[in-house]
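As structure tokens, the structure follows; a few thoughts come after it.
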Amino acid sequence: MDLALKLFLAFLQIGAFSIGGGYAVIGLIQEQVVRKYGWLTEQTFTDIVTISQMTPGPLAVNASTFAGFRTDGIAGAAAATVGCVAGGILFSLLLYRFFQKNRSSYYMSELLKGLKAASCGLILSAAGTIILLTFFGSSQPDTVILADADWRSISLFLAALLLPKIIMPLFTKTKGKKLGPIALMLLTGAAGYFLYS
């Protein structure tokens, strides 16, 4: 089977079951492109997620496009993007009609509560995967060794976490003034450049 067709079918499946938005779909994409097919390494996938967060547009679509491009060039990018979007659109249209017919049902309300909990779990799983890959180079918790930790990444993470709310207010005269997200990205990006080059 042609690689672009495989990408389309894989991302069609991802798009159809991407309940919870961009961060929830990261685990599904990783399962397909890293674990099931081996098209990308875990490190490459982490880089793709990072770039997808920084570029304009929905995270799931960006990640699909970059993963497809990395796997099979422009044809792969187009196939993965169309697959991801088409699955979500078709599934959303079907669900919309179903929910419109059954919106007053008690069971429908309970089903939606379950879907919210599942999407929360998927988002937490994606966050855990990204943290493990960034700090330890592996997404498998049982292979994590504290001695192998990337202390530069951990330091940058802690700086980005603490700088806006704790450290910056100590040096500013205006109470409540915080470091904005764009300035924080520029500062940590520059720090990362010097730490890793």
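The values are calculated or read from the model by the stated rules, or taken from the named source; none is laboratory data. The model shown is predicted, which means the values in this text are computed figures rather than measured ones. Backbone-built Cβ (ideal geometry, glycine too); neighbour counts: all protein chains shown.
A few remarks follow.
- Of residues in the stretch 92-126 being more than 19 Å from residue 28 (Cβ to Cβ) and basic (Lys, Arg), the one modelled with the lowest pLDDT: 103
- Scanning the stretch 96-108 for residues that are surrounded by 12 or more Cβ atoms within 10 Å (Cβ to Cβ) and assigned to a helix (DSSP H, G or I) yields 99, 108.
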